[in-house]
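A quick write-up on the structure given underneath.
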Amino acid sequence: NNAGANAKSVAQHALGLALTILEKFPLLAGMKINPDGSILGEAIFGKTAGIVGMGNIGFELYPLLLALGIKTVYFNRTKKEIDLPLVSFEDIFKQDLVFLTIAATEETRKMMVAIPSLLTKKNYLIDLSATDDLYNKKEVLRKLEREDFAGYGIELDNPNFMIPTKQCNYLATPHMAW
């Protein structure tokens, strides 16, 4: 096992997923743009980000976010020696972009069960856990289909695990960030 060997690749994949759903590419792929421009994507500049899990991937991701001018905070079970504010798990969901880079353990699963209830209209959820059972991902997808939050980028062991029933700002990739 070579812990952290692919952290840079996964961090880049996280940023790619975030940019894709911010620009609403999943919606644009199958939809005409209205003359009023209502489907156009959002700029990443001026957004805020929260990273859940400041391990190898989080450490590679946060400098990328800061380089883009994104105010970033993090949640981790233990405080890290980094120049970012540590916030509560609930406060992560006050940010525009929420990156899940946390390992799947019994302790984290207990915490992650709250994700569907914490998502708000402004949230873009980027999940790099690559674990199908970390939280109720199908419930989160249904919330997205109801437009209860802004976008969902996810890396899955099995990308056919979740197929939207209607067009929404959703992108699932196979576990591929190596």
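Please find, among Thr131, Thr108, the residue that is without any contact (Cβ under 8 Å) to a residue 60 or more places away in the chain and either of a type in the set (Phe, Trp, Tyr) or within 18 Å of Gly50 (Cα to Cα) (or both). Residue meeting the stated conditions: Thr108.
For region 163-178, how many residues are at pLDDT 80 or above, outside any strand (DSSP E or B) and in contact with a strand residue (DSSP E or B) (Cβ under 7 Å, 6 or more places away or on another chain)? Walk me through it before giving the result.
Our first condition is that a residue be at pLDDT 80 or above; within region 163-178, this holds for 163-173.
Okay, now just the ones that are also outside any strand (DSSP E or B), so 163-169.
Checking which are in contact with a strand residue (DSSP E or B) (Cβ under 7 Å, 6 or more places away or on another chain) leaves us with 164, 169.
Qualifying residue count for the region: 2.
Yes/no per residue for (1) buried (at least 19 other Cβ atoms within 10 Å of the Cβ); (2) among the polar types (S, T, N, Q); (3) in contact (Cβ under 8 Å) with a residue 24 or more places away in the chain; (4) in contact with a His (Cβ under 8 Å, 6 or more places away or on another chain):
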{"site": "Val87", "(1), (2), (3), (4)": "no, no, yes, no"}
{"site": "Ser117", "(1), (2), (3), (4)": "no, yes, no, no"}
{"site": "Thr120", "(1), (2), (3), (4)": "no, yes, yes, no"}
{"site": "Val140", "(1), (2), (3), (4)": "yes, no, yes, no"}
{"site": "Tyr152", "(1), (2), (3), (4)": "yes, no, yes, no"}
{"site": "Glu155", "(1), (2), (3), (4)": "yes, no, yes, yes"}
{"site": "Asn169", "(1), (2), (3), (4)": "yes, yes, yes, no"}
{"site": "His175", "(1), (2), (3), (4)": "no, no, yes, no"}
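Does region 94-104 include one or more residues that are within 21 Å of Thr48 (Cβ to Cβ), among the hydroxyl-bearing types (Ser, Thr, Tyr) and open to solvent by 40 Å² or more (accessible area, probe 1.4 Å)? No, there is no match, as no residue in region 94-104 is within 21 Å of Thr48 (Cβ to Cβ), among the hydroxyl-bearing types (Ser, Thr, Tyr) and open to solvent by 40 Å² or more (accessible area, probe 1.4 Å).
The values are calculated or read from the model by the stated rules, or taken from the named source; none is laboratory data. Since the model is a prediction, treat every value here as computed from it, not as a measurement. Because the Cβ atoms are built from the backbone with ideal geometry, glycine has one as well, and the counts that use them run over all protein chains shown. Ligands, DNA and RNA are stripped out before the accessible areas are found, and what is left, the full protein with its side chains, is counted by its heavy atoms. Shrake-Rupley method; radii C 1.70, N 1.55, O 1.52, S 1.80 Å.
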